[in-house]
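What follows is calculated from the coordinates using simple rules that are stated; it is not laboratory data. Note that this is a predicted model, so its numbers are computed, not measured. Every residue, glycine as well, gets a Cβ built from its backbone with ideal geometry; the counts of neighbours run over all protein chains shown.
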Amino acid sequence: MTDTKNVKFYDNLAVASSPHMVTALDTQKTMMWVLIALVPTFVASVFYFGVPALILTIVCAASCAFFEWGYERLLGKKVTVKDLSACVTGVILAMNLPSGLPVWMAIIGCFTSIVIIKQLYGGLGRNFANPAIVGRIVLLLSFTTQMTTWPLTRLSRTADVVTGPTPLGLLADGALSEAPSLGNMFVGNIGGAMGETCTIAIFIGLAILIWKKIISPIIPVCYIGTVFVFSLIYYAVVGGEYSALHMALFHVLAGGCVFGATFCATDYVTSPIMKHAKIAFGIGCGLVTMIIRLFCAYPEGASFAILFMNVMAPLLDMVAQNRFYGIGAEEKAAKKAAKEAGKEAGK
Amino acid sequence: MFGAKHLNSIHVGHYKNTAGCATEVMPVPQVVKISMSQNIGAPCKPLVKKGDPVLVGQKIGDTDAFLHVPIHSSVSGVVSGIETQRNAMGGYETLVVIESDGKQEIDPSIKPPEITDQPGFIAAVKESGLVGLGGASFPTWLKFNPKNLGEPMVLIINGAECEPFITSDHRTMLEDTQNIIDGAQAIMKYVQATECIIGIEGNKPDAIEKFNKMFAEQGITNMKTLTLQETYPQGAERVLIYEATGKTCNAGVLPADLGCIVSNVTSVAFLGQYLKDGMPLVSKRVTIDGDAVTKPGNVVIPIGTMIRDVIEFCGGYKSEPRKILMGGPMMGRAIYSDRMPIVKNNNAILAFTKEQAFIPEETACICCGRCHSACPFNLLPTGFADAYEARDVKRLNDLKIMQCMECGSCSYICPAHRPLAFINKLGKALVREASQK
């Protein structure tokens with residue numbers, strides 16, 4: 001058919017191992033979806049806390065990106081600001097702060113998150129703990145007063161009173177009767193960190209993340225479920241001025257439980273990969289949160305709980321791999337057989 | 001079916017651009033180069049030498065080795081030489097170069113096989129030169145000759161065609177439906193299978209409908225279609241066995257041991273035709289697609305035709321190709337030159353330009369675990385990667401790397417674009433090497 005002599009052949013085509021196509025959902029788009037899921041929470045925080053919330057969020061996102069860029073430039077590494085992971089850290093950190101925090105303190109928090117927790121441990125994917133959570137904890141321990149001064153929402157502010165306690169603070173002080181209604185806690189008209197208060201906005205974000213398959217629902221469901229069930233049982237046993245159901249809902253809606261379960265505990269890097277380990281991770285987060293809230297000095301325990309479980313995550317993964325993946329199963333069987341053989345010989 | 005258990009799978013774009021392209025028959029090229037390595041197992045030795053005249057269907061390659069099938073000429077003409085060429089796997093293969101005389105004279109010895117018993121059937125299948133046409137090129141006669149003959153068997157016909165772009169199996173199902181039914185009935189008779197399940201992905205409703213209609217018309221009750229999910233990799237042998245029978249087939253286990261005979265739909269269609277006219281496997285229906293090809297379509301091509309000639313038949317290159325794949329983009333092999341000849345197990349030739357040829361640069365692993373949840377067998381590709389980096393054979397074995405079938409789902413789904421499937425292949429090679437020591 002063809003005169004092969006006159007045809008140009010292509011003899012140096014590109015070769016590579018299969019597959020030859022990849023998904024369009026790369027790291028940058030994944031992070032973009034997390035940012036989109038944070039939008040409802042961000043809007044709610046600006047609505048309730050006004051311009052300071054807006055400024056603090058922008059400063060945190062920008063300074064996290066700047067620290068990442070600066071560190072990588074300084075060390076001659078490939079600059080990875082474009083993957084947006086630093087911005088996500090910045091926004092999550094901002095959502096964990098009270099809106100009245102001085103901007104320079106927030107920047108210190110960003111430095112801790114990005115440089116100390118993320119980059120010094122090897123950058124994206126290598127950090128042992130959630131950068132935003134550690135940033136918040138460092139700020140909480142360093143500037144306790146400022147970090148626990150909670151501005152009231154614009155709806156509940158008066159000329160004289162601009163700050164007030166959080167629901168969990170009231171609970172710790174034994175002044176539960178002054179706590180806001182569950183309805184106010186659901187829509188976010190309460191004192192607290194900027195992003196934590198409006199539960200409905202966080203649930204919208206959670207729905208977006210699950211719908212776009214950015215996260216698996218296992219961790220948030222296990223976390224929030226454990227908080228609910230634990231407090232239900234606790235208050236059913238202990239009793240109190242409110243019903244156990246009321247208190248269970250109170251604990252879910254108050255503080256950082258829902259926000260932490262949605263945006264912090266589900267951080268890929270610091271949560272386990274195996275399904276069974278994810279379940280244990282979520283339950284662990286819920287348990288530690290409740291133990292801190294009910295039995296420890298701090299009124300709120302979500303960030304400590306997540307940090308604690310971050311450190312546990314590799315261990316949980318290891319256990320899950322051994323138990324459900326069958327790693328070392330043969331050795332175990334051999335050991336068992338040897339033990340039994342020893343017993344036989346002992347007889 | 002609510003509650004039905006499926007293996008993990010991923011959604012990959014279908015790109016079945018050529019599904020509506022009725023098959024065209026390519027005229028015989030001036031020259032064919034027929035490879036002597038067209039099956040898993042031993043390569044054949046040429047039975048002809050330079051200057052010999054050959055006819056269509058004449059046996060030109062065979063060997064005494066156990067695992068092989070003979071190779072037949074796809075054209076009539078004169079052998080102009082025996083060449084050696086580097087193949088797509090990196091090794092070397094022998095090519096018998098035949099200059100066609102354009103007459104396509106058929107070897108007079110070709111007649112429908114007379115089959116009376118099971119060994120006769122196996123011998124006929126072996127003589128036909130049939131290998132697994134889904135891509136694995138495993139000699140089919142061996143597959144139809146299970147050790148446990150007589151045990152209850154199910155014949156599973158693989159019409160999933162889960163790879164993007166490829167539509168040749170789809171066209172076979174639409175155009176050669178009767179041959180598939182005849183071939184399946186013959187196989188069922190000789191492997192003593194009681195049932196035949198044709199697994200077809202839900203994105204080919206016309207094929208499913210056609211089969212069901214013909215079963216009803218002909219009163220066939222021992223065959224049925226199974227609509228598979230439209231996800232990748234439904235067409236992988238071990239996945240298909242699970243979807244069709246619920247049985248778990250581990251790597252290294254023959255499907256026959258589980259009472260399953262799995263065969264590609266095109267293999268079965270060929271067999272149906274072969275039992276009627278006795279013409280061995282000398283041509284193949286191949287999907288030609290990709291953004292570098294002017295006129296994509298499905299073409300029946302004589303085995304040994306150079307890819308360049310095939311592309312020329314499809315209107316030539318539209319723009320400069322940078323990557324040409326034999327097979328689909330998920331598991332296909334990138335070849336270095338378009339001088340390569342068509343082989344038996346080709347089901348697609350995809351020519352891509354620069355825009356489609358390269359995948360984005362690798363970035364840092366974000367430990368999202370998508371590779372693990374995409375793996376049909378729930379393996380842990382990130383674990384393989386770490387263990388391979390440390391050359392830790394024990395850890396690779398612990399993680400059961402040999403179970404990996406290299407489907408590429410992990411690489412596809414990775415947001416950091418890590419070449420995980422490639423690392424799995426390297427890891428498997430490392431384990432094999434270590435076990436040989």
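Between the C-alpha center of the stretch B:139-161 and that of the stretch B:353-392 there is a gap of 33 Å.
Which order results if B:V265, A:V252 are arranged by neighbouring Cβ count within 10 Å, fewest first? Walk me through the numbers on the way to the answer.
On the way: B:V265 29, A:V252 22.
Listing B:V265, A:V252 from fewest to most nearby Cβ atoms yields A:V252, B:V265.
Taking max minus min of the alpha-carbon positions on each principal axis, the stretch B:1-76 gives extents of 63, 35, 17 Å, largest first. Taking the convex hull of the alpha carbon positions in the stretch A:23-100 and averaging its projected area over all directions gives 5.6 nm². Charge tally for B:D392 (other residues, Cβ to Cβ under 13 Å; Lys, Arg +1; Asp, Glu -1): 0.
A Gaussian network model of chain A, with springs between Cα atoms under 10 Å, assigns the largest mean-square fluctuation among A:S156, A:S17, A:S63 to A:S17. Per the Debye formula on identical point scatterers at the alpha carbon atoms of the stretch B:318-437, with no solvent, log10 I(q)/I(0) at q = 0.11, 0.20, 0.22, 0.23 Å⁻¹ is -0.45, -1.09, -1.18, -1.22. Averaged over the residues of peptide B:354-367, the number of Cβ atoms from other protein chains lying within 10 Å of each residue's Cβ is 5.
Values of log10 I(q)/I(0) for the protein assembly as shown across q = 0.06, 0.07, 0.10 Å⁻¹ run -0.50, -0.64, -1.03, by the Debye formula with one identical scatterer at each alpha carbon and no solvent.
Taking the alpha-carbon centroid of each part, what is the distance from the stretch A:100-175 to the stretch A:211-284 in angstrom? Distance between centres, Cα-based: 20 Å. For the stretch B:187-270, the convex hull drawn through the C-alpha positions has a volume of 106 cubic angstrom per residue.
Which whole number gives the average count of other chain Cβ atoms within 10 Å of the Cβ atoms across peptide B:313-323?
Details: counts 2, 0, 0, 2, 2, 0, 0, 1, 3, 4, 6.
Mean partner shielding for this stretch: 2.
In the stretch B:263-367, the convex hull through the Cα atoms has an average projected area of 8.6 nm², a quarter of its surface area.
Evaluated at q = 0.19, 0.24 Å⁻¹, the base-10 log of the normalised Debye intensity for the stretch A:133-193, with identical point scatterers placed on the Cα atoms, takes the values -0.79, -1.06.
Enter the mean number of other protein chain beta carbons within 10 Å of the beta carbon of each residue in B:406-418, as an integer. Provide the component values of the computation, followed by the final result.
Values: counts 3, 2, 6, 1, 1, 7, 6, 4, 5, 13, 7, 4, 1.
Per residue, the average neighbour count from other chains is 5.
Here the ratio of the Cα radius of gyration of the stretch B:119-238 to 2.2 N^0.38 Å is 1.06.
Dividing the mean sequence gap of close Cα pairs (under 8 Å, 6+ apart) by how many residues chain A holds gives a relative contact order of 16 percent. Per the Cα gyration tensor, chain A maps to an equivalent ellipsoid with semi-axes of 40, 32, 19 Å, ordered largest to smallest.
Per residue, the average separation of C-alpha pairs within less than 8 Å and at least 6 apart gives chain B a relative contact order of 18 percent.
Each distinct pair of alpha carbons in chain B adds a 1/r term; the inverse of their mean, the Kirkwood radius, is 22.5 Å.
Counted by Cβ distance under 9 Å from B:S76, the other residues give a net charge of -2, where Lys and Arg count +1 and Asp and Glu count -1. As a rough guide to protection, the peptides A:305-313, B:215-223, B:175-183 ranked by mean Cβ packing within 10 Å, highest first, stand as A:305-313, B:175-183, B:215-223. The ranking of B:D117, B:D257 from fewest to most other beta carbons within 10 Å of each one's beta carbon is B:D117, B:D257. Looking at the P(r) of the stretch A:215-321, how many percent of alpha-carbon pairs lie beyond 17 Å? Value for the stretch A:215-321 (Cα pairs over 17 Å): 47 percent.
For a footprinting-style exposure proxy, rank B:I122, A:I92 by other Cβ within 10 Å, fewest first.
Numbers: B:I122 19, A:I92 30.
Least to most surrounded, the residues fall as B:I122, A:I92.
3J(HN,Hα) along the stretch B:217-225: 4, 8, x, 8, 10, 8, 10, 8, 9 Hz, from the Karplus curve 6.51 cos²θ - 1.76 cosθ + 1.60 with θ = phi - 60°, whole Hz, x for Gly and Pro.
What is the Rg over Rh value, at two decimals, for the stretch B:370-436, using alpha-carbon atoms and the Kirkwood definition of Rh? Write down the numbers at each step before the final one.
Details: Rg = 10.8 Å, Rh = 11.5 Å.
Rounded to two decimals, Rg/Rh equals 0.94.
When you restrict to C-alpha pairs under 8 Å that are six or more residues apart and normalise by the size of the stretch A:215-321, the relative contact order lands at 32 percent. Shown here are the Rg and Dmax of the Cα trace of the stretch B:108-153, at 12.2, 40 Å.
Net charge in the neighbourhood of B:I303 (other residues with Cβ under 9 Å of its Cβ; Lys, Arg +1, Asp, Glu -1) is +2.
As an exercise, identify the trypsin sites (Lys or Arg not before Pro) in the stretch B:43-136 lying in DSSP coil whose Cβ has no more than 15 other Cβ atoms within 10 Å.
B:K49, B:K50, B:K103
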